[in-house]
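Worksheet: the structure to be examined is printed underneath.
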Amino acid sequence: MIKSEGIHHVSLSVIDLNKAKHFYGTVLGFKEIERPKFDFPGAWYQIGAQQLHLIVDEVSSTLRKVNELNSREGHFAIRVNDYEETLAYLKNQGVQILEKPKSKSGFAQIFCMDPDFNLIEFNVDQETMNK
(Lines give C-alpha, C1' and ligand atoms only; values in the text may rest on other atoms or scores of the structure.)
Protein backbone atom coordinates (compact mmCIF):
# COMPACT_ATOMS: atom_id res chain seq x y z
CA MET A 1 0.00 0.00 0.00
CA ILE A 2 1.20 3.52 -0.75
CA LYS A 3 1.15 5.74 2.33
CA SER A 4 0.42 9.15 0.85
CA GLU A 5 0.57 12.52 2.55
CA GLY A 6 -1.46 14.41 -0.06
CA ILE A 7 -1.07 15.93 -3.48
CA HIS A 8 2.16 17.94 -3.77
CA HIS A 9 1.52 19.57 -7.15
CA VAL A 10 -0.49 19.54 -10.34
CA SER A 11 1.38 20.06 -13.59
CA LEU A 12 -0.22 21.63 -16.66
CA SER A 13 1.01 22.07 -20.20
CA VAL A 14 0.77 25.58 -21.62
CA ILE A 15 1.72 27.15 -24.94
CA ASP A 16 2.20 30.86 -24.18
CA LEU A 17 3.97 31.26 -20.84
CA ASN A 18 3.35 35.02 -20.65
CA LYS A 19 -0.41 34.58 -21.09
CA ALA A 20 -0.45 31.72 -18.59
CA LYS A 21 1.55 33.71 -16.02
CA HIS A 22 -0.78 36.67 -16.44
CA PHE A 23 -3.82 34.44 -15.88
CA TYR A 24 -2.50 32.51 -12.87
CA GLY A 25 -0.46 35.32 -11.29
CA THR A 26 -2.46 38.45 -12.09
CA VAL A 27 -6.03 37.33 -12.77
CA LEU A 28 -6.23 34.52 -10.17
CA GLY A 29 -3.64 36.05 -7.85
CA PHE A 30 -1.61 32.89 -7.20
CA LYS A 31 1.86 33.44 -5.72
CA GLU A 32 4.68 32.57 -8.11
CA ILE A 33 7.53 30.71 -6.40
CA GLU A 34 11.12 29.87 -7.26
CA ARG A 35 11.49 27.24 -9.98
CA PRO A 36 14.64 25.21 -10.71
CA LYS A 37 16.53 26.25 -13.84
CA PHE A 38 15.23 23.51 -16.12
CA ASP A 39 16.16 23.48 -19.81
CA PHE A 40 12.55 24.28 -20.74
CA PRO A 41 10.35 27.24 -19.80
CA GLY A 42 7.67 27.17 -17.14
CA ALA A 43 6.49 28.66 -13.85
CA TRP A 44 5.56 27.38 -10.40
CA TYR A 45 2.84 28.71 -8.09
CA GLN A 46 2.01 28.06 -4.45
CA ILE A 47 -1.69 27.43 -3.76
CA GLY A 48 -2.22 26.70 -0.09
CA ALA A 49 -0.06 23.68 0.79
CA GLN A 50 0.05 22.52 -2.84
CA GLN A 51 1.79 23.77 -5.96
CA LEU A 52 0.84 24.32 -9.57
CA HIS A 53 3.60 23.74 -12.15
CA LEU A 54 3.22 25.18 -15.64
CA ILE A 55 5.30 23.59 -18.38
CA VAL A 56 5.61 25.05 -21.87
CA ASP A 57 5.05 22.23 -24.36
CA GLU A 58 3.33 23.26 -27.59
CA VAL A 59 2.89 19.65 -28.74
CA SER A 60 1.67 18.16 -25.45
CA SER A 61 -1.00 15.51 -25.92
CA THR A 62 -2.71 16.80 -22.76
CA LEU A 63 -3.61 20.19 -24.27
CA ARG A 64 -7.32 20.59 -24.89
CA LYS A 65 -8.22 21.87 -28.34
CA VAL A 66 -11.72 23.07 -27.47
CA ASN A 67 -12.66 26.44 -26.00
CA GLU A 68 -15.59 24.94 -24.08
CA LEU A 69 -16.26 24.65 -20.37
CA ASN A 70 -17.00 20.98 -19.77
CA SER A 71 -16.86 19.91 -16.12
CA ARG A 72 -16.55 16.24 -17.11
CA GLU A 73 -13.10 16.71 -18.64
CA GLY A 74 -9.86 16.54 -16.66
CA HIS A 75 -9.40 19.46 -14.29
CA PHE A 76 -7.97 20.37 -10.92
CA ALA A 77 -10.02 21.79 -8.07
CA ILE A 78 -9.23 24.50 -5.55
CA ARG A 79 -11.22 24.78 -2.33
CA VAL A 80 -12.14 28.41 -1.65
CA ASN A 81 -13.56 30.13 1.42
CA ASP A 82 -16.50 31.91 -0.19
CA TYR A 83 -18.42 30.83 -3.29
CA GLU A 84 -20.18 34.15 -3.97
CA GLU A 85 -17.02 36.19 -3.44
CA THR A 86 -15.05 33.92 -5.80
CA LEU A 87 -17.85 34.03 -8.37
CA ALA A 88 -18.04 37.83 -8.25
CA TYR A 89 -14.26 38.15 -8.49
CA LEU A 90 -13.99 35.88 -11.55
CA LYS A 91 -16.86 37.70 -13.28
CA ASN A 92 -15.24 41.06 -12.50
CA GLN A 93 -12.00 39.78 -14.08
CA GLY A 94 -13.91 38.84 -17.25
CA VAL A 95 -13.25 35.12 -16.81
CA GLN A 96 -15.69 32.83 -18.62
CA ILE A 97 -17.32 30.58 -16.02
CA LEU A 98 -19.67 27.63 -15.64
CA GLU A 99 -21.63 27.73 -12.37
CA LYS A 100 -22.80 24.59 -10.57
CA PRO A 101 -23.93 25.86 -7.16
CA LYS A 102 -26.07 22.77 -6.49
CA SER A 103 -23.87 20.06 -7.98
CA LYS A 104 -24.69 16.47 -7.01
CA SER A 105 -21.06 16.23 -5.86
CA GLY A 106 -21.94 18.09 -2.65
CA PHE A 107 -19.65 20.94 -3.68
CA ALA A 108 -20.82 24.29 -5.01
CA GLN A 109 -18.61 24.55 -8.10
CA ILE A 110 -17.33 27.25 -10.44
CA PHE A 111 -15.44 26.10 -13.52
CA CYS A 112 -13.20 28.25 -15.71
CA MET A 113 -10.33 27.84 -18.19
CA ASP A 114 -6.86 29.27 -18.55
CA PRO A 115 -5.70 30.71 -21.91
CA ASP A 116 -4.69 27.19 -23.06
CA PHE A 117 -8.13 25.75 -22.17
CA ASN A 118 -6.92 23.89 -19.04
CA LEU A 119 -9.95 23.50 -16.76
CA ILE A 120 -10.01 24.75 -13.18
CA GLU A 121 -12.69 24.19 -10.56
CA PHE A 122 -13.21 26.40 -7.52
CA ASN A 123 -15.47 24.86 -4.90
CA VAL A 124 -16.93 25.04 -1.41
CA ASP A 125 -18.93 22.51 0.57
CA GLN A 126 -22.61 23.20 -0.17
CA GLU A 127 -23.48 22.90 3.52
CA THR A 128 -21.19 25.83 4.41
CA MET A 129 -23.00 27.99 1.84
CA ASN A 130 -26.33 27.47 3.58
CA LYS A 131 -25.16 28.67 7.00
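Percent of accessible area on the chain owned by carbon and sulfur, 1.4 Å probe? Write out the running numbers ahead of the final one.
On the way: 4310 of 8510 Å².
It is 51 percent, rounded to a whole number.
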For segment 36-94, just say rounded, prolate or oblate: build the C-alpha gyration tensor, square-root its eigenvalues into a ≥ b ≥ c, call rounded for a/c under 1.5, and beyond that prolate if a/b exceeds b/c, oblate if not. oblate
Within segment 98-116, whose backbone N sits under 19 Å from a point 7 Å along Cα→Cβ of residue 62? 112-116
Just the number please: accessible area per residue for the chain, 1.4 Å probe, all protein chains included, in Å². 65
Mean 1/r over distinct Cα pairs of the chain, inverted to a Kirkwood Rh in Å, yields 15.8
Below 22 Å Cα-Cα, how many Lys pairs turn up in the chain? Only count pairs eight or more apart in sequence, or on different chains, if you could. 14
Mind ranking 99-105, 116-122, 2-8, 62-68 by how tightly packed they are, going by the mean number of other C-beta atoms within 10 angstrom, highest first? 116-122, 99-105, 62-68, 2-8
Longest principal axis of the chain (C-alpha) makes with the long axis of helix 83-92 (C-alpha) an angle, in degrees to the nearest 10, of 50
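Sort 30-37, 76-83 by packing, meaning the average of other beta carbons within 10 Å per residue, with the highest value first.
Numbers: 30-37: 10.9, 76-83: 14.6.
Averaged packing, sorted descending, gives the order 76-83, 30-37.
The values are calculated or read from the model by the stated rules, or taken from the named source; none is laboratory data. Not measured: the values here are computed from a predicted model. Neighbour counts run over all protein chains shown; Cβ positions are idealised from the backbone, glycine included. All accessible areas refer to the heavy atoms of the entire protein, side chains included, with ligands and DNA or RNA removed. Shrake-Rupley method; radii C 1.70, N 1.55, O 1.52, S 1.80 Å.
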